[in-house]
Amino acid sequence: MSIFSICMIGIGLSMDAFAVSIAKGMTLHKHQLFRYTVCLALCFGFFQALMPFLGWWIGSYFQDMIASFDHWLAFGLLTFIGIHMIKETNEDSDDSKQSLSFKTLIILAIATSIDALAVGISFAFLKVDIFHAILYIGCITFFLCFMAVPIGHRLGNLLERYAGLLGGILLILIGAKILIEHLFFM
């Protein structure tokens, strides 16, 4: 898998964390902004990197059993996650009204990175260099969340809805690209 594809997956996966970071940015006072920006970005980036690694580790045990249909599995997982992200953009959530305690931060980071676990499983089947992949995914997520908190603080609800939609569309497109590459070019 190319670096470009991994970066696009990283962007797609980070959209949930990006949307939550925007939502949290809307609730912060100016004097809290920098501290919580760093905390959110570090926590979300760490979990977005950890989950694909865990998925890859689990998936590598099953690689030989499903090598003949791994591209369909990757397509299915990415499409399912993408559709789920798109559906979530139409649901109202009160997450932005919660406090930002350490417990809340960890729960949000895990919740926004569960889809990365499934992507990590597909990475094992596609024989992706997991260490480069998690480095890119973690850094992309950190950067986007670091930017999202101040954006949310300034722009409010407008971007939150579109971040999830964009992330879902990106994941579906990457899944389709994987499927097309395997069906027509391998």
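Table for the structure above
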item	result
Of LYS24/LYS103; LYS87/LYS127; LYS103/LYS127, those spanning more than 24 Å from alpha-carbon to alpha-carbon	LYS87/LYS127; LYS103/LYS127
Point-to-point label distance, CYS7-HIS132, nm (Cα→Cβ direction, 7 Å offset)	1.3
Under Karplus coefficients 6.51, -1.76 and 1.60, residue-wise ³J(HN,Hα) of the stretch 17-27 in Hz, glycine/proline x	5, 4, 5, 5, 5, 4, 4, 5, x, 5, 9
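Any read-out appearing in this document is the output of simple, stated calculations on the displayed coordinates, not a laboratory observation. Note that the structure is predicted; figures quoted are calculated from it, not measured. Positions of Cβ are generated from backbone atoms using ideal geometry, with glycine treated the same way; all protein chains shown enter the neighbour counts.
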